[in-house]
Amino acid sequence: MRRPLIYLLIALIAGIFAGSYFAASHYLLLAIITLILLFLIITIRNKWLTAGFFLILCFIFVLGFFDIQKQQYFIEHNHHVVQYIDKGKLDMEGIVIESPLAYLDRNVLIVRCLRIIKDKTYIPVSGNIRLAIPADLNFQYGDFIRFHSTLKRINNFNNPGGFDYEHYLNLQGIYATGFIADNSKIVLLRQNSANSIKLKLESFRLYLKQIIYKNASAPQREIIEAMTIGNQNEIPTNVRDNFNKTGTSHILSISGLHIGMVAATAFFFVLLILKSSQYLMLRFNIIKIAASAAFLMVITYAFIAGMEVTVQRSALMALIFLIALISEKQKDLYNTLALAGLIILVISPEALFDISFQLSFMAVLALIYIVPRFSDLTFSQNALIPSWSRSIIRHIYLSVIVCCAATIGTLPLIMYYFNRVSSVTIIANLIAVPLLGTLALALCMFFILCAFFSPVIAGYFIKLASYFTQISVDIINKLAALSWSSFNTTKPNLIEIAVFYLFIFLVIQFIDEVKKRKSQKEFSSRRFRVIKYLLTITVVFFAADIIYLTFKDKLSSDLKITVIDVGQGTSTLVRFPGGGNMLIDGGGFSDSSFDVGKAVLAPFLYHERISKIDNVVLSHPHPDHLLGLIYIMNNFAVRQAWRSNLPIDLEDFPEWEKAIKLNKINVSLVSNEFPGKIFNGARVNILWPPNYSIQDVNNLSYDEVNDSSLVLKITFGKVSFLIPGDISADVEKRLIESKTNLRSDVLVVSHHGSNHSSSSEFIKAVACRYAIVSAGKANVFHHPHPSTLQRYNDAGVNILRTDHDGAVTLTTDGNNLKIISFIVETPIPKVKPGVCWAQ
């Protein structure tokens, strides 16, 4: 059978996928494996080769199934840290097992817990946790620490299209988090408690960093640090954003590109030296010697880069290709790539869900599949191009083909994960890869080698690398400044991604068949027709897909409202009949650099295929409502913004006004005097606040700003929704006394369920059937308050909560109401006539 490793890789991937979605007892899996092996022995003895290969595929499938679930088996015993989640404050001891991650507002440690101290007794535990500590505390790999904290389960923002952070950390063996705000709650007991080899390696990495920072300035030093020792957390945000815009961000994180460049540099450098000696060329196989030197350099670079998981995978893939070169088995690159994938996924099955692995694997596959078919560039005998320039043209042409192939291979994944496509990615990579990924990186390799014996000489190589890095950064900045340098995209689904790759495969096959027909070699008219038909089907699919996405919302006759899970904050997306939309508030955290707009709202909007917002509404200028809107205004086509005439403090929110001016967003100041607006049959009214005078809105207290929230009522047919912001019971009372029509079917609960809101009188006046609380899990404010929930229960109101149910989507045609919660755990309530509940 040709290329059997490809079939084995497919079976392993299928097993890992199945194991990540379905659970099975390890005893059952062991029994299945035993049966497979028993039947495999029988097939081998009887020489039933086809049946034997099928059983091997089954074995690999079960292996993948078991491999992805092995972490779950380890946490089932009583001594794992998951048994102590939400058990109150604990005194724990453990070892820092990875280099700390530094952020602006905190440092993060990965700690292997060893024991819990309870009643002066040591209780042994196992398992890793993620521990956030103050930014001014510095710990190192191998530190043995004692800390006092509460263990919490890893929480997600539960929205469609959201990143499953819990699953991501679980695959790394991390099942709990801890937080320390007081420096006195964590102490260093002793240093150098981890692996002695890695301790020496970390010490050498710190030594390299000191040389880099001594001989280069910002931002070159941070970029060089990222490319050599793997720490990219200190790269300035504006530099990182510009690299993202130009499609060159892969250069900033050590990946297959860097490992490949290191291998190629070492290979050709050693080969050049060996070719200078005729004796060596005749005496030895210089290709094997050069490949062996590259092998050693890759291992050295991987260790210097910290042997992070992504580095290990990239290095392993490169080493397998080098071994194939040394053993003269490099001709079948597809089998070699499949072997690399098999080894990586058997050792680390969670790599299948890792972005860097997927991008690296697809980039290499695209290069293998596309580049050889277009690598030949021939010149006619009568061409006017000088012979000396033809080699240069060939190299430029090949570089363009390589960039195009890598871009095509990774494009769907980049759209899926990053929702951005760069229109200058090819030209940017043609400049940045040679300068940064080749010249600067090669100089960094010489820097590493020289650092072993002379920091002075090593420093000169850093200065040279810094020069090329600066040139690259300047060019990247200029390309990123172009208004058309990049554009945001919505998130493709898995079917669209699969059809795209099928389309690329068919296009290449079609070109091959055309070439065969011209040369009249091995041409099959039947195969050619099949390829044409399939190619036509894929084109029709994409045409139909584009038409569907274009008119889906415009032809919708329903009103759809989603209360998004933004943690301790509020954000509500309203989709009107006919395609218009409105985003009310954006959530946000005042005490953290975490960008809710970028990390929570944008992925949800991209998943929903939304790239423009007709109206942004700010209920009141508090961080848990405002901050998330800033990213949305800067990255989505926002037409208009509504807010009250409360002043927005430019010291607290300097980016708000910048976003408004930069994106030329029309701002409307609204109050209860606003006449209301109808969006294709759905009416939006502002019930509160009154039109304050300039004197009234100055020097308001925090609670007074809450009480000045915009209160919106949205009515479509017979169904109404009330969204009252953070008003308190005082404003609720004033609304009742003003005889305002508050009656609504659905109420987004005031102030996240605070005890100071949702009075019994207000609940009675609204007379809602459903109340939705937007609050964060285990938040410090203890929202929603138990007494508030009791008042709703006493009124017979069905309650949904974003901290329990995730995002809540309500859809109505003006008569019936359908409710869908993201987390399918909420009991289905008894519904009143005319209401449909679905999950």
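The values are calculated or read from the model by the stated rules, or taken from the named source; none is laboratory data. All figures in this text were calculated on a predicted structure; none of them were measured in a lab. No Cβ is skipped: glycine too gets one built from the backbone with ideal geometry, and neighbour counts run over all protein chains shown. Please note that ligands, DNA and RNA were not included when accessible areas were found on the heavy atoms of the full protein model with its side chains. Shrake-Rupley method; radii C 1.70, N 1.55, O 1.52, S 1.80 Å.
Keeping every protein chain present and rolling a 1.4 Å probe, give me the accessible area per residue for the range 287-337 in Å².
Value for the range 287-337: 44 Å² per residue.
Quick check on the chain: helices-only [θ] at 222 nm, where DSSP H runs of length 4 and up contribute -39,500 (n - 2.57) each and the sum goes over total residues. Nearest 500, please.
Mean residue ellipticity, 222 nm, calculated: -15500 deg cm²/dmol.
Averaged over all directions, how much area does the convex hull of the C-alpha atoms of the range 633-678 cover when projected, in nm²?
Averaged projected area of the range 633-678's Cα convex hull equals 3.9 nm².
Whole number in Å², please: accessible area per residue of the range 545-672, 1.4 Å probe, ligands, DNA and RNA not counted. Intermediate results must be reported in sequence, preceding the final value.
Details: 4960 Å² over 128 residues.
That works out to 39 Å² for each residue.
Remind me, relative contact order of the range 184-307 in percent, using alpha carbon pairs under 8 angstrom and six or more residues apart? Don't skip to the end; give the middle numbers.
Numbers: 87 pairs, mean separation 31.6, N = 124.
This gives 25 percent for the range 184-307.
Step through the residues of the range 290-304 one at a time and calculate ³J(HN,Hα) from phi using the Karplus curve (6.51 cos²θ - 1.76 cosθ + 1.60, θ = phi - 60°), rounding each to whole Hz and writing x for Gly and Pro.
Rounded to whole hertz, the list is 5, 5, 5, 5, 5, 4, 5, 5, 5, 4, 4, 5, 4, 5, 4.
Taking the Cα centre of the range 603-682 as origin, work out the dipole magnitude from +1 charges on Lys and Arg Cβ and -1 charges on Asp and Glu Cβ, in debye rounded to 20. Mind showing how you got there, number by number?
Numbers: 8 positive and 9 negative charges, 97 e Å.
Around 460 debye, computed over the range 603-682.
Suppose R0 equals 41 Å. What FRET efficiency, 1/(1 + (r/R0)^6) with r the Cβ-Cβ distance, do Asn477 and Asp652 give to the nearest 0.05?
0.90
State the answer as a single residue: which of Pro724, Leu436, Pro621 lies farthest towards the positive end of the charge dipole of the chain, with beta carbon charges of +1 for Lys and Arg and -1 for Asp and Glu, about the Cα centre.
Highest projection toward the positive end goes to Leu436.
Packing-wise, with mean Cβ within 10 Å as the measure, how do 674-687, 548-561 rank, highest first?
Those peptides, ordered most packed to least, come out 674-687, 548-561.
Along the positive direction of the dipole of the chain (beta-carbon charges: Lys, Arg +1; Asp, Glu -1; about the Cα centre), which of Cys450, Val96, Ile211 reaches farthest?
Working it through, the farthest residue towards the positive pole turns out to be Cys450.
Considering amide H positions built from the backbone, and no H for Pro or chain starts, which residues 5 or more places from Asp558, or on another chain, come under 5 Å of its amide H?
Those lying under 5 Å, H to H, from Asp558 are Gly578.
Relative to the Cα centre, what is the charge dipole magnitude of the range 29-153, using +1 at the beta carbon of each Lys and Arg, -1 at the beta carbon of each Asp and Glu, and rounding to the nearest 20 debye? Don't skip to the end; give the middle numbers.
Details: 14 positive and 10 negative charges, 65 e Å.
The dipole of the range 29-153 has a size of about 320 debye.
Calculate the spin-label point distance for Glu234 paired with Val456, positioning each point 7 Å from the Cα along the beta-carbon direction, and give it in nanometres.
Inter-label distance under the simple model: 2.5 nm.
Tell me the per residue accessible area of the range 46-129 using a 1.4 Å probe; a whole number in Å² is fine.
With the other protein chains kept in place, the range 46-129 gives 56 Å² per residue.
When all alpha-carbon pairs of the range 332-458 are counted, what percent fall beyond 26 Å?
Of all Cα-Cα pairs in the range 332-458, 44 percent lie more than 26 Å apart.
Cα gyration tensor of the range 594-684, axes a ≥ b ≥ c as square roots of the eigenvalues: rounded (a/c below 1.5), prolate (a/b > b/c) or oblate? Write out the running numbers ahead of the final one.
On the way: a/c = 1.75, a/b = 1.09, b/c = 1.60.
It is oblate, given that a/c is not under 1.5 and a/b is not larger than b/c.
Size of the dipole of the chain about the Cα centre, Lys and Arg at +1 and Asp and Glu at -1 on the beta carbon, nothing else charged, in debye to 20?
About 3280 debye.
Could you work out the Rg to Rh ratio of the chain, with Rh taken as the Kirkwood radius (inverse of the mean 1/r over all Cα pairs)?
0.99
Please list 3J(HN,Hα) in residue order for the range 201-216, calculated via the Karplus relation 6.51 cos²θ - 1.76 cosθ + 1.60 where θ = phi - 60°; whole Hz, with x for glycine and proline.
With coefficients 6.51, -1.76 and 1.60, one gets 5, 5, 5, 5, 5, 5, 4, 5, 4, 5, 5, 4, 6, 7, 10, 9 Hz.
Between Ser486 and residues 5 or more places away or on another chain, which pairs have amide H atoms under 5 Å apart, with H built 1.01 Å from N, and which residues are they?
Here Ser423 satisfy the definition.
Which whole-number percent gives the relative contact order of the range 215-270, counting Cα pairs below 8 Å spaced six or more residues apart?
For the range 215-270, the relative contact order is 31 percent.
Can you give the FRET efficiency to the nearest 0.05 for Asn155 and Ala795, using r as the Cβ-Cβ distance and R₀ = 30 Å?
Details: r = 30 Å, r/R0 = 0.99.
Here the calculated transfer efficiency is 0.50.
Taking square-rooted eigenvalues a ≥ b ≥ c of the alpha carbon gyration tensor, is the range 143-242 rounded, prolate or oblate, where a/c under 1.5 means rounded and, failing that, a/b exceeding b/c means prolate?
oblate
If you average the C-alpha positions of the range 176-216 and of the range 507-574 separately, how far apart do those two centres end up, in angstrom?
About 49 Å separates the Cα centre of the range 176-216 from the one of the range 507-574.
Calculate the spin-label point distance for Ile41 paired with Leu280, positioning each point 7 Å from the Cα along the beta-carbon direction, and give it in nanometres.
Computed distance between label sites Leu280 and Ile41 equals 5.4 nm.
Sorted by packing (mean other beta-carbon atoms within 10 Å per residue), highest first, where do 278-284, 764-770 land?
The most tightly packed comes first, giving 764-770, 278-284.
Skipping prolines and chain starts, which residues have an amide H placed within reach, meaning under 5 Å, of the one on Val638, given they are 5 or more residues away or on another chain?
Under 5 Å from the amide H of Val638: Ile613.
Set Lys and Arg Cβ to +1 and Asp and Glu Cβ to -1, take the dipole of the range 412-528 about its Cα centre, and tell me which of Ser525, Ile476, Thr489 lies farthest positive.
Toward the positive end, the furthest listed residue is Ser525.
How far is helix 49-74 tilted, in degrees, relative to the longest principal axis of the Cα atoms in the chain, given as a value from 0 to 90 rounded to the nearest 10?
50 degrees
Which FRET efficiency value, to the nearest 0.05, is calculated for Ile508 and Tyr103 with the Förster distance at 35 angstrom and r the Cβ-Cβ distance? Write out the running numbers ahead of the final one.
Details: r = 44 Å, r/R0 = 1.25.
With R0 = 35 Å, the Cβ-Cβ based efficiency is 0.20.
Highest mean first, what order results for 533-545, 714-726 on Cβ atoms within 10 Å?
Listed from highest to lowest mean packing, they are 714-726, 533-545.
Looking at the square roots a ≥ b ≥ c of the eigenvalues of the Cα gyration tensor of the range 200-311, which shape do they give, rounded for a/c under 1.5, prolate if a/b is larger than b/c, or oblate?
It is prolate, given that a/c is not under 1.5 and a/b is the larger ratio.
Quantify, in whole percent, the carbon and sulfur part of the accessible surface of the chain (1.4 Å probe; protein heavy atoms only).
Working: 25260 of 41390 Å².
The computed percentage sits at 61.
How high is the relative contact order of the chain? Use alpha-carbon pairs under 8 Å, at least six apart in sequence, and give a whole percent.
8 percent
What Kirkwood radius, in Å to one decimal, follows from the Cα pairs of the range 538-612?
When all Cα pairs of the range 538-612 are included, the Kirkwood radius is 13.9 Å.
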